[in-house]
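To start, the structure itself, in structure tokens.
The values are calculated or read from the model by the stated rules, or taken from the named source; none is laboratory data. Small disclaimer: the values here were computed from a predicted structure and weren't measured. Note that each Cβ is placed from the backbone with ideal geometry, even for glycine, and that neighbours are counted across all protein chains shown. Side chains are part of the model used for accessible areas, which takes the heavy atoms of the whole protein and leaves out ligands, DNA and RNA. Shrake-Rupley method; radii C 1.70, N 1.55, O 1.52, S 1.80 Å.
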Amino acid sequence: MVPVFLIVVAVVMAVLILLASIYILVYFQAEEDRNTAWAPKVAVVTGLTLTALLVLLPPMDVANRSSGDHLDMALLYQIMFVVIAVMVIILIPFLIFYFEAEDPENPRGQLCWAMVYESITLGIAAVVLVLMWIFLGRAELPVTQYVYDAQLLNATALTLSAGCGSSDGCALGQNNHYEIGVTPIVYIMALSSFIGWTFLAIFGGIGMAALPLDLILAYKSRPQSITLQDYSKQRLMLHERAKKLRSFGQTLGMDAARSRKRRERVAYNKYKQAVYFLEQDWAKVKVAYKQRGGNPLRYIAQAILGVFCLILSIAWVVHLLLYVLLQPPITPLLNDFFIAMDSVFPLFGTLSYGAFTFYLFFCVLKGCLKIGLRCFCMTIHPMEIGNTMMNSMLFNVWMLLFTAPAIVQFTASAFSTYARLTAVDMLFGNQVENLIFLRYIYRYDVFEWGMVGQALLAALYLAIRPRERRALEPTSDDIVELEELRA
């Protein structure tokens, strides 16, 4: 019997997620892009919707298993992974290349450069995928072999749990492996998950420490009411900073972001960081004077949210240590929590699962921003309410889409008791995690150890240096570097 209720719930959730994605786009987009750039807006909404739908498939998978496996969830997973692969390899990179190469005087050249860069990206991805699938597209499934003499075996007296000995006519089991080929779609799933795992382990680990801390620091450094005299003084100081940054920006030029020279790219990233903090400071000064410090409930909510995020981070680290990394597992922990919530009401288990899972996405975005603000090895793309340009929104959606497959695999492993005997458990647990190229990485939990290690190291570092060093300040050595670039 077709689970009508499950299908209705899935359709309703898909519609709600689509509406939420449109709201996020409208809420964060910059005023300059309000009535333009429709193609990237469609890509952003589609990407956000796909990300949320993919992450919510495991709870649906669990419900489908409980109702008798009437829906082909394995096929649904494979369709979603292929669509996401098209998004992250073809559509979103092309749009990012197109907007990064923006030239009002030569729009045709802008399109040509985007097509060239996208052709190179697609060519490299296709060659890597095809070659790896041809030579490494096999999984080695672990099996245990038993050899016995059928004439001597007493089948009625012997049980598998009791084992057997030579006197019973059979030998002890020997560990071996059975090799199978995987389809190209499964290999696409494996590679996309592998790349996403890299983002999750690095950025997600840092974000677990940084996200709660930044929310709590935002409460501690909230704007306080100031007088007109203080407002005028702060405004004058910010005006001087803006003039200097404008001069530095003119020195760097329009092509600094695309420069092949590492020194110029680092200087551009420092400039972006300085502009970001200038905008943050100006916003705080306006709130301090014009709104008399702003609504205190907003900052109390930030503090409460920071404590809640801290609880989630601690719960994730403890669960990884006690259930995933230490073998045999000491306690199911979050698995029991989700099962208990499901027993109260099925929706509660899904909501609990969603809270822990979507929190990982916020950690990835926060960790990526944190590295950009401190290391200057990459351009920052902050999500600012009413002031997020389309290229930044596309970059963040691209990160989410790349990380989503890894998070699905991660949660299927971390919550294996909750997700046992589901389609995602069969796809990742039997095939992807036993691929000859990746099996040792998953067998020894390399990514999980890296994620926990990153979170602990980031927590220690941020406890010592909780705030970023601001680049391009008048007393900074970066001024000397920029002066040298002028020469």
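Here the accessible area is traced with a 1.4 Å probe on the protein chains. For the chain, carbon and sulfur cover 66 percent of it. Using a probe of 1.4 Å, the accessible surface attributed to Arg443 totals some 130 Å² when neighbouring protein chains are kept in position. With K and R counted +1 and D and E -1, the other residues having a Cβ less than 14 Å from that of Ile300 yield a net charge of +3.
When the chain is described by a simple charge dipole with +1 on each Lys and Arg Cβ and -1 on each Asp and Glu Cβ, the residue from Tyr219, Ile79, Ser313 located farthest towards its positive end is Tyr219. In the chain, helices alone account for a calculated mean residue ellipticity at 222 nm of -22500 deg cm²/dmol, with every DSSP H run of four or more residues adding -39,500 (n - 2.57). Tell me the net charge near Phe194. Cut-off is 15 Å between Cβ atoms, Phe194 excluded, with +1 for each Lys or Arg and -1 for each Asp or Glu. My count for the surroundings of Phe194 gives -1. Per residue, the solvent-accessible area of the chain (1.4 Å probe, heavy atoms of protein chains only, all protein chains present) comes to 54 Å².
Accessible area per residue (1.4 Å probe, heavy atoms of protein chains only) ranks Leu91, Leu50 as Leu91, Leu50, with the largest value leading.
Per residue, the average separation of C-alpha pairs within less than 8 Å and at least 6 apart gives segment 363-418 a relative contact order of 23 percent. Return one number: the angle in degrees, 0 to 90 and rounded to the nearest 10, between the long axis of the Cα atoms of helix 390-414 and the longest principal axis of the Cα atoms of the chain. Compared with the principal axis, the helix lies near 30 degrees. Applying 1/(1 + (r/R0)^6) with R0 = 45 Å to the Cβ-Cβ distance of Glu279 and Gln145 gives a FRET efficiency near 0.10. Selection among Ile436, Ala463, Trp449 by position relative to the dipole of segment 414-472 gives Ala463 as farthest towards the positive end (Cβ unit charges, Cα centre). Equivalent ellipsoid of the chain: semi-axes from √(5λ) of the C-alpha gyration tensor, largest first, are 48, 27, 23 Å. Extension gain for the segment Gln327 to Ile185, taken as residue separation times 0.36 nm less the Cα-Cα distance, is 48.0 nm to one decimal.
If R0 is 41 Å, the Cβ-Cβ spacing of Ile441 and Lys286 corresponds to a FRET efficiency of close to 0.25.
Can you give the FRET efficiency to the nearest 0.05 for Ile339 and Ser67, using r as the Cβ-Cβ distance and R₀ = 22 Å? Efficiency, rounded to the nearest 0.05: 0.85.
Sorted largest first by accessible area at a 1.4 angstrom probe radius, with every protein chain in place, the residues Lys286, Lys270, Lys233, Lys220 fall in the order Lys220, Lys233, Lys286, Lys270. Rounded to whole Å, give me the distance from the Cα center of segment 74-96 to that of segment 185-254. Centre-to-centre distance over Cα atoms comes out at 28 Å. Extending 7 Å from Cα along the Cβ direction at Arg246 and again at Ile134 yields two label points whose distance is 5.8 nm. Is segment 200-266 best put as rounded, prolate or oblate by its Cα gyration tensor, with a ≥ b ≥ c the root eigenvalues, rounded for a/c under 1.5, and otherwise prolate when a/b is larger than b/c, oblate when not? It is oblate, given that a/c is not under 1.5 and a/b is not larger than b/c.
Listed cross-link partners Lys233/Lys272; Lys220/Lys370; Lys270/Lys366; Lys41/Lys366; Lys41/Lys261; Lys243/Lys290 are compared with a 27 Å cut-off, the Cα-Cα value being larger for Lys41/Lys261. Compared with the dominant Cα axis of the chain, that is its longest principal axis, helix 184-199 is turned about 50°. The residues packed around Leu141, meaning those with a beta-carbon under 11 Å from its beta-carbon, carry a net charge of -1 if Lys and Arg are +1 and Asp and Glu are -1. Given a 1.4 Å probe and the protein chains as shown, Ser66 ends up with an accessible area of around 90 Å². Take Cys112: with every protein chain present and a 1.4 Å probe, its accessible area is about 70 Å².
Quick check: residue separation of Tyr178 and Ala14 times 0.36 nm, minus the Cα distance between them. What number comes out in nm? Once the chain is fully extended between Tyr178 and Ala14, it gains 55.1 nm.
Charging the Cβ of each Asp and Glu at -1 and of each Lys and Arg at +1, and nothing else, the dipole of the chain about its Cα centre rounds to 2000 debye.
Place a +1 charge on the Cβ of each Lys and Arg in segment 169-253 and a -1 charge on the Cβ of each Asp and Glu, then give the dipole magnitude about the Cα centre in debye, rounded to the nearest 20.
Roughly 820 debye for segment 169-253.
Compared with the dominant principal axis of the Cα atoms in the chain, helix 38-66 is inclined by about 30°.
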